[in-house]
Amino acid sequence: MRPSVWPLSAAILSLGLPAAGAPFIGFTDNTFDAASFGSLSDTQANAAVGWTQTVATTDVTVRALLGAVTGASGNWWITTKLGPTATLADVVASGVYTAPSLGLNLDFNGQPRTELASGLSFAAGAYFLVLDGPPGPAVGNASWIGGAGPADTVELAAGFTLGSYYHATQFDDPLSVFGPASSFVVTPGDPRLVFELDGRVAGVPEPATWLMLIAGFGLMGTTLRRRTPASA
């Protein structure tokens with residue numbers, strides 16, 4: 001009797017499957033001597049970035065590259081609408097972050113990211129990540145850190161598009177206590193403030209699930225081959 005080949009087939013097929021926690025949006029610093037900083041303050045400066053996804057996702061972790069003088073805390077929101085017409089009904093997820101105290105390092109590749117949330121799910125659509133900062137002045141309080149323009153690259157998975165960056169300050173319009181409802185304007189230039197999305201496409205089984213399915217089919221095939229055909 002020939003040995004079953006399903007273990008080898010399963011191993012080969014699993015190599016082409018998307019792994020859980022695969023990056024949807026990521027950034028690479030190619031300008032190690034320059035960086036950009038978006039100021040964050042609860043009453044003086046908010047920042048936001050948009051993205052669009054044409055696929056539904058699950059088990060998503062959201063991170064941002066944040067820094068603060070004293071490791072202070074601020075609020076974050078993920079919403080489907082930005083600006084004065086945004087309401088709580090538009091919020092997909094929200095929470096509080098605590099930014100670490102980061103030294104002056106203009107290479108962001110090795111800087112620790114602040115995890116905002118994990119285990120999130122998103123339907124296909126457009127979204128905005130909005131952050132405010134701890135109480136205090138807009139400058140030297142907390143910062144959203146990023147690259148120095150188009151020289152720093154953005155990695156996007158299939159179905160993902162990076163949108164614009166936005167800022168809202170007390171000089172443009174008084175900030176809303178509900179951050180997403182502030183009067184945002186598009187940030188000039190190309191700041192590349194760093195945020196990351198990791199997860200998996202909804203409805204696509206994880207590699208371990210594929211292996212179990214393939215193993216089950218292989219076991220069934222082996223069992224069928226071992227049966228002796230009934231005599232006529």
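The values are calculated or read from the model by the stated rules, or taken from the named source; none is laboratory data. Quick caveat, the model's predicted, so the values are computed rather than measured. Every residue, glycine among them, receives a Cβ derived from its backbone with ideal geometry; neighbour counts consider all protein chains shown. SASA here: full protein model, heavy atoms, side chains in, ligands and nucleic acids out. Shrake-Rupley method; radii C 1.70, N 1.55, O 1.52, S 1.80 Å.
How long are the three semi-axes of the equivalent ellipsoid for the stretch 118-194, computed from the Cα gyration tensor as the root of 5 times each eigenvalue, in whole Å, largest first? Present the calculation step by step, with values, prior to reporting the outcome.
Numbers: eigenvalues 113, 61, 33 Å².
Computed over the stretch 118-194, the values are 24, 17, 13 Å.
Based on the mean of other Cβ atoms within 10 Å per residue, sort peptides 22-30, 83-91, 129-137 so the most packed one is first. Walk me through the numbers before you get to the answer.
Details: 22-30: 17.8, 83-91: 13.9, 129-137: 22.0.
Result, highest mean Cβ count within 10 Å first: 129-137, 22-30, 83-91.
In whole angstrom, note down how far apart the Cα centers of the stretch 155-180 and the stretch 44-80 are.
Taking the Cα centre of each part, the stretch 155-180 and the stretch 44-80 sit 9 Å apart.
Measuring with a 1.4 Å probe in the full set of protein chains, what accessible area per residue, in whole Å², belongs to the stretch 18-131?
Numbers: 4710 Å² over 114 residues.
For the stretch 18-131, the solvent-accessible area averages 41 Å² per residue.
With the Cα gyration tensor of the stretch 57-195 giving a ≥ b ≥ c as the square roots of its eigenvalues, does the rule (a/c under 1.5 for rounded; else a/b larger than b/c for prolate; else oblate) give rounded, prolate or oblate? Could you put the intermediate results ahead of the total?
Details: a/c = 1.31, a/b = 1.05, b/c = 1.25.
In terms of gyration-tensor shape, rounded.
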